[in-house]
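Taking it in order: structure first as structure tokens, then the write-up.
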Amino acid sequence: MFSASAELALTRKPITAIGFAAPEKEEPKVFIYTRRKLTVAEMRSMKDSSPVKAKLEFRVAQPFSVTLPTSAAALPLNLRSNRITCGGSISVGNNREAGTLGALLRDKDGTLYGLSCNHVTGGCSNARVGLPIVAPGILDIGAGLPDPRTIGQHARTLQFIPGDPSAITGYKANRDVAVFKISDPNAHSSFQGSAYDTPAAVGDPEEDGSVQKVGRTTGHTLGIIESQLVGSQRIDYKMTAYHSAEENSSFQGSVFFEPVFIIRGTAGSFAAEGDSGALVVTRSVDEDPVAVGIVIGGDRANDVTYMLPLKPVLDALRLELVSEYN
């Protein structure tokens, strides 16, 4: 695809992913993500020698590993009329960690659930049904901070199988998603922090679309869906789920997901450690907001946020998004 000089540059700064974007009103783009930033000369060499007719864009994206936040959240518990809103800090009740409550969901019988990532409230599929989920997350509990509340119990996760796609049948069903049953529905609101309500509509992500989210670490942020990655995306996990003082289960492995979208912030990082589970919503002055995805990881250093589309998640869970609640 590239000239000899460009190929030599990529041996020093290897490609980590390929993405594409085909916005309706703009020319298609191909994004080449490398481990380190390319020089202007290297980028020019690649563009000049490439047979690809689409516009080439070069970005930095390191191989991604899920890491837990290392400091307490500035606002660990978001309240609206004394009810817990979405977008705030949560965790399992017996491990010093924290992630984000993305949204409220409802089944056909009206039972209310909370949505987050598997690695936040599901212990990477090792948490046992009934494990208490607390808000704020254990990492955000301390003297002078809001008291923790048990807001629900772990219910279930979606498929989360580690291993190379060439060796796994049906790996495209992998989802870093877990839900927990809400204990007191009256104690919750579908509002996303103090920014906006969870929309009722669910749609497909669109490249170059403006989006927003409310998360435990970075709060309300704005961004652009930069591209959809081609093929599967590897994400590394290392986590321990505690069942009792004497018993625990450890998970360490690489899980591959497809499709995955990359988002970048428009004014600083779109997401960081602790924002996993946040609901991604479109932002437009002309149209009503639409929920399109869930954050599964954020790299603040390179401003890269990984998002899974929401529609397949809700279809697999057989649950619907809750809006205008309390």
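When GLY219, GLY223 are checked against the criterion of being at positive phi and touching a residue at least 60 places away in the same chain (Cβ under 8 Å), a single residue qualifies: GLY219. Among the candidates SER284, SER276, the residue that is in a loop (DSSP other than H, G, I, E, B), of a type in the set (S, T, N, Q) and open to solvent by 50 Å² or more (accessible area, probe 1.4 Å) is uniquely SER284.
Note on the stretch 302-318: residues that are open to solvent by 20 Å² or more (accessible area, probe 1.4 Å) and touching a residue at least 40 places away in the same chain (Cβ under 8 Å) amount to 5.
For residues that are touching a residue at least 24 places away in the same chain (Cβ under 8 Å) and acidic (Asp, Glu), scanning just the stretch 96-128, find the one that is farthest from SER323 (Cα to Cα). For the stretch 96-128, the residue satisfying everything is GLU97.
For TYR171, the conditions (1) touching a Phe, Trp or Tyr at 6+ places or on another chain (Cβ under 9 Å); (2) modelled with pLDDT under 95; (3) over 21 Å from HIS119 (Cβ atoms) are fulfilled apart from (3).
Considering the conditions (1) open to solvent by 20 Å² or more (accessible area, probe 1.4 Å); (2) out of contact with any Leu (no Cβ under 8 Å at 6 or more places or on another chain); (3) in contact (Cβ under 8 Å) with a residue 12 or more places away in the chain; (4) more than 30 Å from ILE151 (Cα to Cα), LEU131 is excluded by exactly one of them, (4). With respect to ALA201, is the statement that it is modelled with pLDDT of 95 or more, within 29 Å of THR70 (Cβ to Cβ) and surrounded by fewer than 20 Cβ atoms within 10 Å (Cβ to Cβ) true? Answer is no for this residue. Criterion applied to GLY219, GLY203, GLY223 was being more than 21 Å from GLY274 (Cβ to Cβ) and within 17 Å of the chain's Cα centre (by Cα), and the one residue passing it is GLY203. If only residues of the stretch 163-180 that are among the charged types (D, E, K, R) and buried (at least 19 other Cβ atoms within 10 Å of the Cβ) are counted, the one that is nearest to the chain's Cα centre (by Cα) is ASP176. Within the stretch 103-128, the set of residues being buried (at least 24 other Cβ atoms within 10 Å of the Cβ), farther than 11 Å from VAL179 by Cβ and in contact with a Phe, Trp or Tyr (Cβ under 8 Å, 6 or more places away or on another chain) comprises HIS119, GLY123, CYS124. Scanning the stretch 52-66 for residues being buried (at least 17 other Cβ atoms within 10 Å of the Cβ) and either of a type in the set (A, V, I, L, M) or farther than 27 Å from THR39 by Cβ (or both) gives a total of 3.
All of THR150, THR100 fail the test of being open to solvent by 30 Å² or more (accessible area, probe 1.4 Å) and either within 19 Å of the chain's Cα centre (by Cα) or at negative phi (or both), apart from THR150.
Close Cβ contacts (under 8 Å, 6 or more residues apart or on different chains) running from residues in the stretch 1-24 that are over 23 Å from ARG234 (Cα atoms) and touching a residue at least 40 places away in the same chain (Cβ under 8 Å) to residues that are among the aromatic types (Phe, Trp, Tyr) and surrounded by fewer than 19 Cβ atoms within 10 Å (Cβ to Cβ) are absent. Across the stretch 287-301, the qualifying residues are those that are within 15 Å of the chain's Cα centre (by Cα) and modelled with pLDDT under 95, and the one among them that is most open to solvent (accessible area, probe 1.4 Å) is ARG300.
The values are calculated or read from the model by the stated rules, or taken from the named source; none is laboratory data. Note that the structure is predicted; figures quoted are calculated from it, not measured. Methodologically, a virtual Cβ is constructed for each residue, glycine included, from the backbone with ideal geometry; neighbour enumeration extends over all protein chains shown. Side chains included, ligands, DNA and RNA excluded: accessible areas come from the protein's heavy atoms. Shrake-Rupley method; radii C 1.70, N 1.55, O 1.52, S 1.80 Å.
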